[in-house]
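Okay, structure first, notes after.
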Amino acid sequence: MTSYRQEQLDGYRLVLDHLDTLGAEERQALQKAISPYLDFRKRASEFLDTHFAGVCTQACYDNQRSACCSKDGIVTFFADIVVNALVSDPVSMEKIMARLGQQPHEGFKCIYLGPRGCLWQVKPLVCEMFLCDPALSEVFGSRSDLNTEWEALQQEKKRFSWPDRPVLFDHLEAVFIEAGLNSSLMYLHNSPGLLRVKRLAGLYDPTVGRQ
């Protein structure tokens, strides 16, 4: 098993095991916390499906040219796993866990890509919001209105993931940290770069830890 798969598998096991220990009120609190994010992801997905699905599927997935799909997998945040676990049924989780733990590497595809596409119900944010320059040029062209709409979605993304303010991704990590759990995927609490962003925003003091 690659180090990427092991890290992902460990993250999913940690999240699923902890979610199983939560009572109804605790789980509902998490569902409420991610609700605005799910609304954002729905709108982003609709935009991408409308304007990029044909271009990206043909150029990258079908022809095996995507840099993302040719690697073992995409970068994921701990919050990506939490969100996906909260919205997925047990069968979907079993498929992901089986992929990570059992299936041989298929060579050119991301481990999470199945015959019908991505196994995630809510894909990792980095994956969902990445568009290569050729795709952007082909779709936007002279359509400044589409470019403006995409830029607005990119800015909205930061309201959930960029810790220059209290954000969902930081909150979800903190919920598990406060329960005594830790993962290398908790970048908002472990990444020097993101900790610097939090420090400059007054959200982190390295002498006392997270504020």
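The values are calculated or read from the model by the stated rules, or taken from the named source; none is laboratory data. Owing to the predicted nature of the structure, the values given are computational and were not obtained by experimental measurement. Glycine also receives a Cβ, built like all others from the backbone with ideal geometry; neighbour counts cover every protein chain displayed.
Worth pointing out:
- Taken as a whole, the structure places F169 among residues that are buried (at least 16 other Cβ atoms within 10 Å of the Cβ), assigned to a helix (DSSP H, G or I), of a type in the set (F, W, Y) and in contact with a Ser or Thr (Cβ under 7 Å, 6 or more places away or on another chain).
- The one condition from (1) under 20 Å from N84 (Cβ atoms); (2) modelled with pLDDT under 95 that A135 does not meet is (1).
- Residue match in the stretch 169-179 (condition: in contact with a Pro (Cβ under 8 Å, 6 or more places away or on another chain) and within 25 Å of V15 (Cα to Cα)): yes
- Residue count for the stretch 148-203 satisfying the condition of being hydroxyl-bearing (S, T, Y) and without any contact (Cβ under 8 Å) to a residue 40 or more places away in the chain: 2.
- Listed by position, the helices (runs of 4 or more DSSP H) inside the stretch 114-163 whose residues that are crowded, with 16+ Cβ neighbours inside 10 Å and either under 16 Å from the mean Cα position of the chain (by Cα) or not hydrophobic (A, V, I, L, M, F, W, C) (or both) number at least 1 are 125-128, 144-161.
- Across the stretch 176-187, the number of residues qualifying as touching a His at 6+ places or on another chain (Cβ under 9 Å) and part of a helix (DSSP H, G or I) comes to 2.
- Scope the stretch 43-70; condition at pLDDT 95 or above and loosely packed, with under 11 Cβ neighbours inside 10 Å; matching residues: E46
- Any hit, the stretch 105-112, residues being modelled with pLDDT of 85 or more, of a type in the set (S, T, Y) and either in a helix (DSSP H, G or I) or under 22 Å from F78 (Cα atoms) (or both): yes
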